[in-house]
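The values are calculated or read from the model by the stated rules, or taken from the named source; none is laboratory data. Please read all numbers here as calculations on a predicted model, not as lab measurements. So basically every Cβ, Gly included, is an ideal-geometry build from the backbone, and we count neighbours across all protein chains shown. Only protein heavy atoms, including side chains, enter the accessible area calculation; ligands, DNA and RNA are left aside. Shrake-Rupley method; radii C 1.70, N 1.55, O 1.52, S 1.80 Å.
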Amino acid sequence: MIHQRSHPQQRYDKEVHEAWRPRVPHKRYRPTKRLFFILVLLIVSLGAYWHSATNKTPAAQPTRTHKTLRDQPAYETLHNCQVRVCNPSQQCITWTAQPNKTLFDATDLAPEHVYRDVASVHVQQGCDVSLQVQDENSGLTDDPHWVRLAPDTETDCIKMLCRNTIAIKIQGGLNVIGAQLKELLDNDQQQQRELVFPWIRSSLDDEKVTLVTQFTVNRLPVFANVIDAWKGPIAIALYLTEPSDIDTLNSFLEDQNNRIDRYDRVSMVIVKPETRANGVRVAYPINHLRNLAILAASTPFIFVMDADFAPSPSLYASIHALLPESSFSASRTAIVVPCFAVREDSTTLPESMDDMAAWVKQGRAYLTDPGAGHGPTLGKEMALTWAHLHGDAQLPATYEVCYESQWEPYYVVPREAPLYDVRFKNQGGDKQSHALHLNAEGYRFLVMRHEFIVHKDHPKMVWPGQGFPEAQKDASKWNYFAGFMQEIDDIYGKLARWPRACSALAIGWHEQRRSTLGMAVAAV
């Protein structure tokens, strides 16, 4: 029998010495070095298992890698069109089209050894390039002339008599892309394969977050409201569903009433979809477009939002102020923005959370999809009700919630976060799958208490396949329940659907309002 601890009034050093010592010494009871080693090994093994099960990355690591899904495309870095100029010795320089510099003269060409000594020029699609050439057989006082080069070609300047180039004009932009794409489609060239034309603006040093979205050409006029409300950079993937959409886009860009100057903060990726031989178009590649728009963003963080929403007027400033204080890129945190809807006949939108609370009370606004889709955000319970009871000044800017199955929030995440699963098309599982992937990666979810996004109610859009419920019953399509969730289990283990990084202080940490199997059994 093991002797009990000594009386607490005895000397401390004696207490410590005698507390765990057997009364009757015997070799079978004396702890051995082997036993001690086994205990240490067991503790280390259990710690390693727990770390693997929770899959948490130490916050001290500034850069992270994450596990990738299957059957995803290998995306290349997006950049503006480029022009490669070489001299006869194959010394080459590549210039990228940029909005604030279009003319490259002797001061640019001479240091690169291509001034009056150009052998070849390769022009990528999306660039409008002209060479200023002086006749080699004439005196230097003769006026030079401009030679325009065809896009997506390489020009031999030895044969084309453009070796004596003294300046190069490189123009890019949405107008150039629109004109070239129009010519391609009119000439029936390359219509079957997907074409991607990026126009990327550089972010400023103090810009932290880019609003990321995707939509079709018919949404351009309405999206102007988003540009006016969001004061920071924006990245758009614009999808051309019909051949005539390129005419609509060009007309929009040429119309001065549309104030194209507001697009100075916008990076855009224009996507002409693949067309099948029988003329049938592919399903709307919603997550592929989101990924392209993410790749067009140049800030450390991104806010992925659907185009029918409008951000609250102070949302960009609030996010921008929140990011530097929180080191989100190291701690795997997603900042969730509550989303609301107002009645279709509304002529204005709420501008603050106080306005939103009043609109909800009056029945003019409501939480978007308060059940499975956005109920776990607790926008009504926390952002509205608590603010009304306690006043905004007494509440922190965010509150933490736990991940729940089928949740599809809109959030701010680091740009290096996992991309969206491109196997989801049209509607159904496209955002739910991403939220589950973040949870499996160990992301926390903090909800902004004072900000929101809002859209006008409208009749439900009927997607091909009838949306989420029907899409999950179609065995021929990538399925959220049978396909994606099983793949997450295979990659991360069976606990991937449980809140993996949720703290004990988070709302809902002690009870899941819906089964982790993914079926909604309760709603707020």
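Brief remarks on what is shown
- Approximate spin-label separation Asp71-Ser314, in nm, with each point projected 7 Å along Cα-to-Cβ: 4.6
- Segment 88-169: C-alpha gyration tensor shape, a/c 1.5 cut-off, then a/b vs b/c: rounded
- Rounded, prolate or oblate (a/c below 1.5 giving rounded, otherwise prolate when a/b exceeds b/c) for segment 131-283 by Cα gyration tensor: oblate
- Take the Cα of Ile491, step 7 Å toward its Cβ, do the same at Glu183, and the gap between the two points is 4.2 nm.
- For the residue pairs Lys182/Lys272; Lys231/Lys431; Lys182/Lys425; Lys361/Lys431; Lys361/Lys456; Lys101/Lys169, the C-alpha atoms sit more than 21 angstrom apart in Lys231/Lys431; Lys182/Lys425; Lys361/Lys431.
- Cα gyration tensor shape for segment 223-324, rounded if a/c is under 1.5, else prolate or oblate: oblate
- Highest mean packing comes first when the peptides 165-173, 107-115 are listed by Cβ atoms within 10 Å, giving 165-173, 107-115.
- Summarising the label geometry, the points placed 7 Å from Cα in the beta-carbon direction at Glu242 and Asp205 lie 4.8 nm from one another.
- Cβ-defined net charge surrounding Val209, 12 Å radius [Lys, Arg +1; Asp, Glu -1]: +1
- Area accessible to solvent at Cys92, 1.4 Å probe radius, in Å²: 50
- Chain lengthening between Trp498 and Lys159 when straightened (0.36 nm per residue, less Cα-Cα): 115.4 nm
- In plain terms, the chain from Gln256 to Glu351 could stretch by 31.4 nm, reckoned as 0.36 nm per residue minus the Cα-Cα distance.
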